[in-house]
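The values are calculated or read from the model by the stated rules, or taken from the named source; none is laboratory data. The shown structure was predicted, so the numbers you read here are calculated from the model rather than taken from an experiment. Positions of Cβ are backbone-derived with ideal geometry, glycine not excepted, and every protein chain shown enters the neighbour counts.
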Amino acid sequence: MKKKLHLGILGLGTVGTGVVELLLKRKQMLGDCRVILERIAVRQKRKKRSVSLPANLLTTNPEDILEDPKIDTVIEVIGGVSPAREIILEALRRRKNVVTANKALLARAGSEIFKEAMENDCYLGVRASNIASYRLIESLSFSPSRISKLIGVFNGTCNYILTEMERKGEDFSTVLKKAQEMGYTEKDPSDDIDGYDTAHKLIVLLGLSLGYFPTLDSILIEGIRRVSSQDVIFAKELGYRIKLLAIAKTQTNNLEVRVHPALLHRDKGLARLEGIENGIELRDEVGLEIGMQAPGAGKYPTATAILEDLICIARGRKLTFPPEKRKLSLRPMGKIKTQYYLRFSALDEAGVLAKISGILGQHGISIKSVLQKGRDERKAKSVPVIMLTHEAKEEDLQKALKNIDNLPVVKEKSVLIRVEEGIF
């Protein structure tokens, strides 16, 4: 007999509509599995939609899905933390499989949700929470080896903005407005451009691979608001591109987790990502390296990831939630070592460069290269001074910048962008 899945969908927005469209296009067949749409919970039944559905399929009450004994699988695409959390947990308690694209919820309550799925022997599908790595999620879940380094570009909006700033020399606010007009971000783009969307995705991957979900307030999260077109151009001259990166590294019992803009050598794999493309590179503790790239989240890429989870349910392939293999402690950001790109706006006077480099030297920070530009006529007598450092400790660098910013010859707050080594 062919396998059957009886489906309830929570939400019929962009992604929910994409799931329904793909299922109807395939005549509700996924390989040798028949998918039966039982109910779809929506906010408004009479809303005009791009997909035509029988009226009796729609309900405004999620309880109609939770209480229906025929429904064995629930897709949650309503987003947000509440009531999505309560609905998912109740579905799992009723022994219904759950597939969700909700990375914000998983980042905040992933440990609780995975535990509930395991205790009730249910499938929990999370591929759609991270399009950049959804084809790696199963291997992350089952791998006997732990990640030693993960680096990813997880937000298509930010990658589009940074790409356009480099291509056209336009400033951040101009390109952000274009991204909104093209539908690459919401009216309120804060989650994207302030790094939280990227952080959500990184935390979910760490939960899958390490059994550990760091809290949002325990990790460094910086967005791209302070990246200027100047920085993008100077980085290019130095042989780099700026990307918003998700970074995780493990060493013995320490875990390093951070999200921030970074310079990547332009020949590296992730540096070559253009527009809304996302990508991931990782190395495990035995040295195996793997990577992939995919379009940024959207209607059909996300819906396709959801369908892959449905196929896994039909084939009985459950993701596992790994217990922590070792007790992990988060490394404080101040103890992390990396290289740095620094931009100072300083008076065009003799001895300024010596003052800046002297303070850096006092804090044990050595300079790798210097790029000094002509005077910016809009800022009386000020000139941009760009430095690349050798590897230094974050807390030392921050102390040095505090002293440098107090110099009378420095006219604006200094800009810091970290420099990262990719895996490929």
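Structural remarks
- For the criterion of being surrounded by 13 or more Cβ atoms within 10 Å (Cβ to Cβ), under 35 Å from the mean Cα position of the chain (by Cα) and not hydroxyl-bearing (Ser, Thr, Tyr), Leu407 fails.
- All positions within the range 114-147 that are over 21 Å from the mean Cα position of the chain (by Cα) and polar (S, T, N, Q): Asn120, Ser143, Ser145
- Just one residue in the set Ile151, Ile147, Ile131 is at pLDDT 95 or above and in contact with a strand residue (DSSP E or B) (Cβ under 9 Å, 6 or more places away or on another chain); that residue is Ile151.
- Some residue of the range 236-247 being under 20 Å from Ser133 (Cα atoms), free of Cβ contacts under 8 Å to residues at least 60 places away in the same chain and crowded, with 21+ Cβ neighbours inside 10 Å: no
- Residue within the range 31-50 that is more than 17 Å from Lys299 (Cβ to Cβ) and among the hydroxyl-bearing types (Ser, Thr, Tyr) present: no
- Among residues of the range 225-240, those that are under 18 Å from His265 (Cα atoms), of a type outside the set (Gly, Ala, Ser) and not in a helix (DSSP H, G or I), counted: 3
- Restricting the range 188-215 to residues that are farther than 23 Å from Ser139 by Cα and surrounded by fewer than 24 Cβ atoms within 10 Å (Cβ to Cβ), the residue that is farthest from the chain's Cα centre (by Cα): Asp188
- Test: Glu67 is over 27 Å from the mean Cα position of the chain (by Cα) and over 21 Å from Phe213 (Cα atoms): yes
- Residue in the range 62-71 that is in contact (Cβ under 8 Å) with a residue 24 or more places away in the chain, in the same structural domain as Gly8 (by TED's automatic domain parsing), β-branched (Val, Ile, Thr) and surrounded by 21 or more Cβ atoms within 10 Å (Cβ to Cβ) present: yes
- Considering the range 267-369, the qualifying strands (runs of 3 or more DSSP E), each wholly inside and each with 1 or more residues that are modelled with pLDDT of 90 or more, run over 277-284, 337-347.
- Single residue of the range 148-201 satisfying the filter (in a helix (DSSP H, G or I) and among the acidic types (Asp, Glu)) that is farthest from Asn253 (Cα to Cα): Glu181
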